[in-house]
Every structure is written in structure tokens, then in C-alpha cells.
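Below is one structure, written out as C-alpha cells; comments come after it.
No value in this document is a laboratory result; all are computed from the given coordinates. This structure is a prediction, so every number in the text was calculated from the model and none was measured. When we count neighbours, we look across all protein chains shown, and the Cβ atoms used for this are built from the backbone with ideal geometry, even at glycine.
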Amino acid sequence: MPCAASPNCSRSGSSTPIASSTLVSSMLAPWIWPPSARSPSRSPEPRRFRSPRWESPEFVRYQAHDREAVLINVLRRPSASTITLAVAVRNWLRSHRDEIPADVLVETFYDQSNLIRASVGSVRDSLVVGALLAILVVALFLGSLRLGLASAIVLPGSVALTLFGLTLAHQSLNLMTLGGFAAAVGLVLDDAIVVVEHLAHDAARTRDVRGRAMAMAEIFPSLVGSSICTIVIFIPFMFLDGVTGAFFKVLALSMTLMLSASLLLCVAVLPLVNPQANPRVIGMPGRFARSVRFASARPWVGAMMVAVLVGSAALMFRALGTGFLPPIDEGSLIVDFFTPPGTSVTETDRMMREVEQQIDATPEIDAWSRRTGDQLGFFLTEPNHGDYVLRLRNHRRRSADEIADDLRKRIEASQPGVTIEFGQLVEDLIGDLTTTPQPIEVRVYGEDRKLTEARARAIAAILGHIKGVVDVKSGVVVSGPDLVVLPAASAARLGVPSVALTHAIEPAVSGLDAGTIVRGTHAWPMRVTALRAAGPAGVRSLAELPVAVAPGRTVRLGDLATLRVDPGETELSRDDLRTVVSVTARLSGRDLGSTMVEIQRRLRRDLPLPVGMSLGYGGLWAEQQSSFRGLAGVLLGATLAVTLTLLFGFRSWRLTGAVLLTVAGSLAGVFAALLVGGATFNVSSFVGAIMMVGIVAENAYFLVAAYRAGRAEGISSADAAEHAALRRARPVLMTTAAGVAALAPLALGFGAGSALLRPLALAVVGGFVTSAPLLLIALPSLLAFAGRRE
């Protein structure tokens, strides 16, 4: 967050605050304002030498709550903790409050640590609640709280070992590492459930350590093979790059460490726990057994079930919207504003005061600040451009997007000459990593500058009429008016070169570098400016400037040149050696994928392009396409890794194929859960779909192992499939129920931090629910068919 390492406030003249700050990293932004100040405050700068005739021109103005203010941005070093630094800044301000003048108010208008605390806290709570629910599910299925607690023994140990591994990998405890913990709880309990259920299944034999060791030896190969099926799917994540890699590499690392620790503890610790607790085993109903027997005797049942689910998955996927990252309500809004080119800071300020009436009329806005002629980030900003930071109340009925939609309509109605663009700070920071924070960017390439700009304006008009597209900007940026100096013939007759005219104007326009002033440890650059009046009067005053034409002789600049003010030129951007204009827009109430499909269709239909002109698409949509390609590679790599694991364990292409068909059928549950939950298919839900490859394969591994054991005893393929399904029914239902319970808090979206991981949780929950009937009905049917063909 932006912050001051050592802000100190003093008064100079009439209570005008002066703040000095050292940049550290972006996270906290306080404002300082004196209620009695009359002239706008500025950031720390060298003293200006003022002309007795004219006042200094004003290019920047900072305000907060209708008062002039100094805004101090505190930036965090990459290795520093945002929360720790925010606390340190608050403590520093509190301890130095007596040094701040009584008429100076210091208040925080943005604190990124609040979002981080809320996010980490909600994921942490989801992890704890999910773990407790999963333990309760195990206890209910086994009819013993002791056995439920025995299954949970591996959880604290797995977390501890994972934290140790993350420390060695120089990773911090953040939203994604905690998200990995929350997503892995069900999978960790999966291994524990298998072990405890197997020990409890033959309680008489596992009364002593020797008997439990023998029981563990029976399932050890299947336990290792199934765990590898889940662990290997995270290996391809390590090769992801870009924003997706930055987010989900850490999640994949934390889940890999946690699942590996779980396997170790299940093998080393759980056999030491005596499972004998007179469990009241919940039996399977007779109707279920008859269904399994029916499916095992008829191979077409499994094939038809998988085909129906895969077909349904394809239809549901077409109905799903697509996006990049899930939207997060950060509790704040950024509003960029643009007044017409050439508008002065004073006129821009007047227009913005009318906008602020709409801001003050919005009950959900707790506080706001404004920069005029400046903006967040390290960009050059014209006086007609600036931004607001709106801090929203914690307890409110409307979301940030709903507030933005309402405020946008009211501002456009009250100030049609002002162009505005809404966003959120973290969302824009992520967007800045992709060079364009807007979801939609249409790039117009051409050689003819005027024609390219005309096409860009036409595209902006088309986008403005598409449902869900807001904050459209044509990308044609006009600078302020240009001062043009045309040397007259008299200048040539007098031998006055053009450079002499430039030297005469420079002190009045941009000033002259006059060295530095050293104060303490700081060296301040100094510039001497012969200030002039603004507007037409300023041009007339320039004409009176003296120009030396000979020793001791000067002539008016107006006698040597013609001065005029021309409209500003448009900014020129180049990409791949071609002129480019980027039309940008944001979304409101619509998914990114369907919007881009409509935009491309409308542009092909309504916008003929001349020879030499072409269109390109960027923004977050381009990043989404790149991320989806990367995740498709991860899915392919994960499927290949699982296939090799199954082949190594079963030595059979037919059995491996049966498992992979079951995995494909589980995608129907993934897409159904996303549709019911109102989520889009984005990077987060894509990761959840990839996880289901390993989860379904892990549960299928035990059933196939039981099937192979039956075949080894000489029973028929149909009977072996039936017996394997009935034997694994209780563990499958237990792991499904525990997995759903563990992810339920994330899937329901409790807390701010769950927003990023909610689609992932929905996808896994849906996959879990669908996988249970697939594993217990479809897979036995497929196995019976595969066995007959062998």
C-alpha cells in the first residue's frame, strides 16, 4: 500500500500542512487536511520564486471530504508484511499525534491490510468449519466420535509439516496458501478415512498393533497409488506463468505439501491408534445392492451413464459464462475522471464539486479523496484528469458493483461532459500486470492516423450499445492546447535564429533549471520560472517578452514571431511498428466471454475495415485466453500423469480407460455446480475441474484394486465388480460427504476472502457429488465389461 515511513506535519504560513515521506510499498493511504486552509496543498516540492505580478499556475490539487488535503501514499517493500506495516504506521501516527497541529486532521482513506485480514480470516474460518464438519460426517458414518477424531489426527500434523515446507520454500501465509489448506482438508481426510475405515472394518483382527500392521500392509499399495494420483496433478501447475501462475502455483505447492504430509502421517501414525470402539456401522440399503448388481451384469449401463453425463457437461459448458478471475468486493472503489482536453485544474475542480454532490448522496460511501492532475500509479497526468478513492462502509446492503452502477448513472446525468471509469484497486493492480486493467480492449492498427482514430471512435460507439458494456473510452486522447510560435521574416532580417526565440519563451513556459537546494539529507531540484497569466492574456504577455538581437538591443517577441494557440494533438501510440489506438471498456452484470463473442460479431458485421487496417484484442480477455491455454496444458499434463500412474498400478489399458471415463463423467457435476452457484467458468473454477481428475482417480483406485483382488480369487468379472462396489461403498460415500462438508463454507461464499476460491470450491463440490454414483454404479459396470474382454 502507499504509505509514509516517517510522515511529519508542520505549518508554514497559515496552517498549510507540509508532509515529507519516504516510499516503502503500496498498502496504506492516509489523508491530512487543515480545516482552515484556503489554498490547495501540494506534495513536497522546492520553493517557488513568485513574480510580484502573477500567481503561480496550478496543475495539481488534492482534496478529501470537500477540503484541501495532502495525500500520503505509503508503499511496502517486497519483503515486508502488509499487515505488520499497516499496524506500524497506525502506531506511529498515534504516538506522534501531539506533534501534529491541532487544526490538522489525519485519517486513513485506504488500507489494503483490511482486505487482507478479511480475506485470510474468512479462508481460515472456512478451513476450521470445514474440518469440523468433515470430522462430524466421519463420526456419523462410523457411529463413533472416537473414530471421527482418529481420522482428524492427521490434520494438525499435515498443517504443521506443510507450514514447515512453505517456510523452506520462502512462502508466506497468505490467501492462496490458506486456500490450499482449505481445499486440501477433504483430500487429507480422504486418506485418513480410508485407513480408519479399513481398520474398523475388521475390528476383531485389528485389536493389537500387529493386526493393524497387517491390515495396513493390505492397503498400502492402493493408498500410495491413489495418493500419487492426486499429488501428480499439481506438478504441471509449477510450469504456469503470468497472473495465473502467480496465484495458483502457491496454492498447488501448499496442496502438494499437505497431501504428501497426509500420506506420511496416515502410514506412520494412524496404525498406532486403536480403532476398537464398537462402531455402529451404517449398512447399505438393499435397493443400492440391487442397483449395483443390475449395473454389473449389464455393461451398457455404465457406458450410457457416462455418455449422458458427458453430453450434459458439454451442453452446460456452452451455457456457462466465462471470465478471468472471480470478482472481489474490496470495500473500496477507484473512479478515474476525464474532463474535456485543455480544461484547467480550476474548471475541473468546479465540475468535480458537482460530482461530489452525487458521491455524498450515496449512503454506502464512508469517505473519499480526490486527486486532480494526478492519479494512483506512476503516470504523467494532465490537469483535466484525476481520480477518486471511495471507501465503502463495512456493513451495507449493496455490493461495490451495484454502488458503481448507480453512481455511474447519476454522475453521467449530472455531468455529461465528464468521462468516468470505475474499478477497484487490487483489480486494477492485477490488470496492470497484464498492461491493460480493463476487461475489454479492442486495438485498431493502421497506417493512416486520422482514419485509425475515426475507426476507433466508431468502435467505441458500437461498444456503447452492447448490453453489459460500460465505461467505454475511444482511446483517442487529445492533449491540451498547443502554443505555436512561427518566426516572422523580421527575425531572419535581424539574424535572430529560432533557438533564440525558444530561449526567450522557455523561462515563462517551463522555467530554467537553477541547480539544487540541500536541506538535511535531501537535495531539492530548483527551477526558476517567469510566471505569466493564463489563457489569452498569457499569450499576449508572451508577445511582450524581450528578445536580444544585438548587444544592448532587444525587440518584442511579437515583432519577431506570430504566436497562436492551436487545438491539442492526439497522442500517438505505436505497437509492432504500426499506429495503434486502443478502445477500452469495462463490464457490468455480464460475463467476459459472451460479451467478447458479441463484440467480435458486431464489429465483423458493422465495421468494414479498409486495406491496411486490422483489429486486435487485448485487456483481461487476452490474459484469460492465455491463462486458459496454459491451464489446458496443465489439464493435459495432469491427465497424462494420472494415466501413467493407473497404468503402472494396474498394468491394464482397459481398467485405466474405465477410470478415465468415470473422470470425464464427473465434469457434469462441475459445470452443474457452477451454473447453480451463479459462477462463471474462470481460472479458479478451471483449477477446480483439474483437481477433480486426481480426486476421482484416487477414489476409483481403491475400487479397481478391490476388483482386481476379487478377480485374483477366481470369481467372475461381474461378481468381482459387484463385490468391489459394495465393499467400497461406505468409504466412497464417507469421502464424498467429508469433501463436500470441508468445502461447503468456501462454496457458500462466507467472507471476503472466499470470493477468489469460491468457484474452485463449487467445481470440486459438484464433482464430488457426481463422482459418487459414477464410482458405485458406472465404474463397476465398465469394469465388468473390461474384465469380460480380457
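Could you give each residue of the stretch 256-270 its phi-based ³J(HN,Hα) in whole Hz, using Karplus coefficients 6.51, -1.76, 1.60 with θ = phi - 60°, and x for Gly or Pro?
Result, rounded to whole Hz: 4, 5, 5, 5, 5, 5, 4, 4, 4, 6, 4, 6, 8, 10, 4.
Averaging sequence separations of C-alpha pairs under 8 Å and six or more residues apart, then dividing by the length of the stretch 482-566, give the relative contact order as a whole percent.
Contact order relative to length: 39 percent.
Using Cα centres only, tell me the gap between the stretch 621-651 and the stretch 79-111 in whole Å.
Each part's Cα centre sits 48 Å from the other's.
Amide H of residue 575 versus every other amide H placed in the peptide plane: which residues, excluding those fewer than 5 positions away on the same chain, fall under 5 Å?
Close amide H contacts, sequence-distant or interchain: 580.
By how many degrees, between 0 and 90 and to the nearest 10, does the Cα long axis of helix 112-142 differ from the longest principal axis of the chain?
That works out to roughly 10 degrees.
What length, rounded to one decimal in nm, is gained on full extension from residue 524 through to residue 117, with 0.36 nm per residue of separation minus their alpha-carbon distance?
Extending this stretch completely gives an extra 142.7 nm.
I need the peptides 296-302, 666-672 ranked by packing, meaning the mean over residues of other C-beta atoms within 10 angstrom, with the highest value on top.
Top to bottom by mean Cβ count within 10 Å: 666-672, 296-302.
For the stretch 305-433, what is Rg from Cα atoms divided by 2.2 N^0.38 Å, rounded to two decimals?
This ratio for the stretch 305-433 stands at 1.38.
So what's the back-of-envelope 222 nm ellipticity for the chain, counting only DSSP H runs of four-plus at -39500 (n - 2.57) apiece and dividing by all residues, rounded to 500? Show your work: numbers first, answer last.
Working: 24 runs with 425 residues, N = 790.
Value at 222 nm, helices only, nearest 500: -18000 deg cm²/dmol.
Please get the size of the charge dipole for the chain, origin at its Cα centre, with Cβ charges of +1 on Lys and Arg and -1 on Asp and Glu, quoted in debye to the nearest 20.
The calculated dipole for the chain is roughly 1460 debye.
Could you give the length gained on full extension between residue 510 and residue 172, defined as 0.36 nm per residue of separation minus the Cα-Cα distance, in nm?
Extra length from residue 510 to residue 172 when fully extended: 116.9 nm.
Beyond 38 Å, how much of the Cα-Cα pair distribution for the chain remains, as a whole percent? Provide the component values of the computation, followed by the final result.
Details: 165066 of 311655 pairs.
I get 53 percent for the Cα pairs in the chain exceeding 38 Å.
At a 10 Å Cβ-Cβ cut-off, how would you order 218, 99, 356, fewest neighbours first?
Arranged by neighbour count, lowest to highest, 218, 99, 356 become 99, 218, 356.
Going 7 Å from the Cα of residue 269 toward and past its Cβ, which residues in the stretch 718-742 have a backbone nitrogen under 13 Å from where you end up?
Nothing falls inside the zone, counting backbone N under 13 Å.
Can you compute 3J(HN,Hα) from phi for each residue in the stretch 438-447, using the Karplus curve 6.51 cos²θ - 1.76 cosθ + 1.60 with θ = phi - 60°, rounded to whole Hz and x for Gly and Pro?
In residue order, the calculated couplings are 6, x, 10, 9, 10, 9, 9, 9, x, 9 Hz.
Name the residue farthest towards the positive end of the dipole of the stretch 482-566 from the options 550, 491, 561, assuming +1 on Cβ of Lys and Arg, -1 on Cβ of Asp and Glu, about the Cα centre.
So the residue we want is 550.
Could you compute the FRET efficiency for residue 713 and residue 132, with r as their C-beta to C-beta distance and R0 at 35 Å, rounded to 0.05?
The pair residue 713/residue 132 has a calculated efficiency of 0.30.
Tell me the label-point distance for the pair residue 362, residue 493, using the 7 Å Cα-to-Cβ offset, in nm and rounded to one decimal.
6.3
What is the P(r) of the stretch 482-566, as percent of Cα-Cα pairs per 5 Å bin from 0?
Spelled out per bin, shortest first, that is 3, 13, 22, 20, 15, 11, 6, 5, 3, 1, 0.
Note the full-extension length gain between residue 66 and residue 354 as 0.36 nm times their separation in residues minus their Cα-Cα distance, in nm to one decimal.
Extra length from residue 66 to residue 354 when fully extended: 102.6 nm.
Going by Cα centres, the stretch 754-790 and the stretch 660-733 are how many Å apart?
For the stretch 754-790 versus the stretch 660-733, the Cα centre distance is 3 Å.
May I ask you to derive the FRET efficiency for residue 310 and residue 543 from their Cβ-Cβ distance with R0 = 60 Å, giving the value to the nearest 0.05? List each step's numbers first, then the result.
Numbers: r = 80 Å, r/R0 = 1.33.
For R0 = 60 Å, the calculated efficiency reads 0.15.
³J(HN,Hα) across the stretch 735-740 via Karplus (A = 6.51, B = -1.76, C = 1.60, θ = phi - 60°), whole Hz, x for Gly/Pro?
Running phi through 6.51 cos²θ - 1.76 cosθ + 1.60 with θ = phi - 60° gives 5, 5, 5, 5, x, 5 Hz.
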